[in-house]
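Have a look at the structure below, then the notes.
Where a number appears in this text, it was derived from the coordinates with a stated rule and is not lab data. Fair warning: this is a prediction, and the values are worked out from it, not measured in the lab. So basically every Cβ, Gly included, is an ideal-geometry build from the backbone, and we count neighbours across all protein chains shown.
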């Protein structure tokens with residue numbers, strides 16, 4: 001159920017809806033600031049964060065016009081959403097602490113695709129891929145296609161229910177490549193001993 005919006009939050013959301021209807025794309029943060037006569041983008045950021053936290057929109061990382069509305073009652077502005085299950089937390093050393101909760105994270109299908117996916121949360125800055133921070137959400141999609149330096153999930157051939165996370169790396173001593181656990185790559189496993197199940201497709205910054 002959508003959470004209550006304060007007056008200015010409703011005004012910002014309505015402006016975004018109207019802008020998308022007229023322009024087929026979302027406004028930039030600067031355009032929102034200009035519309036409301038705000039001198040600081042920090043104020044706009046605060047409104048967007050609250051709207052996202054309350055479930056009315058998603059701000060796509062590294063996109064100037066990356067505001068995506070999630071309210072299905074507004075058909076002109078609604079984009080199909082995929083509910084991605086939150087499976088646990090990334091821990092140091094490539095470990096994953098699984099959770100039994102049924103929490104899901106809404107992500108537009110156009111961003112994550114129709115491929116089966118799961119989400120993990122970074123438990124700390126030392127348990128996060130490069131560029132991620134404590135609390136960030138990591139979205140992984142199922143794949144058997146792997147590339148160097150890709151952040152992936154994997155399991156041993158004889159233990160399919162125990163996933164861990166790490167990075168694909170090449171090594172002159174291994175013809176198949178290596179899987180480096182966690183961030184610091186202090187422990188590696190030959191790829192031929194593993195099954196790669198997912199690769200990192202999207203990061204969502206924590207607020």
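If I stretch the segment between residue 109 and residue 7 completely, what's the gain in nm (0.36 nm per residue apart, minus their alpha carbon distance), one decimal?
33.7 nm
What value in Å³ per residue do you get for the convex hull of the alpha-carbon atoms in segment 81-204?
Output value, Cα hull per residue: 99 Å³.
Would segment 7-69 count as rounded, prolate or oblate if I go by the C-alpha gyration tensor, calling it rounded below 1.5 in a/c and otherwise prolate when a/b exceeds b/c, oblate otherwise?
In terms of gyration-tensor shape, rounded.
When only Cα pairs under 8 Å and 6 or more residues apart are kept, what is the percent relative contact order across segment 1-71?
So the answer I get is 29 percent.
Modelled label-to-label distance, residue 14 and residue 171, 7 Å Cα→beta-carbon offset: nm?
6.1 nm
What is the gain in length, in nm to one decimal, between residue 133 and residue 162 on full extension, counting 0.36 nm per residue of separation less the C-alpha to C-alpha distance?
8.1 nm
If each of residue 142 and residue 98 carries a label point 7 Å out from its Cα toward its Cβ, how far apart are those two points in nm?
So the two model labels end up 1.6 nm from each other.
What FRET efficiency do you get for residue 65 and residue 116 if R0 is 22 Å and r is their Cβ-Cβ distance, rounded to the nearest 0.05?
0.20
How long is the gain from residue 125 to residue 193 if the chain were fully straight, where each residue apart is worth 0.36 nm and the alpha carbon distance is subtracted?
Gain on extension, residue 125 to residue 193, equals 21.7 nm.
Relative contact order of segment 81-204, please, whole-number percent, based on alpha carbon pairs below 8 angstrom and at least 6 residues apart.
Value for segment 81-204: 25 percent.
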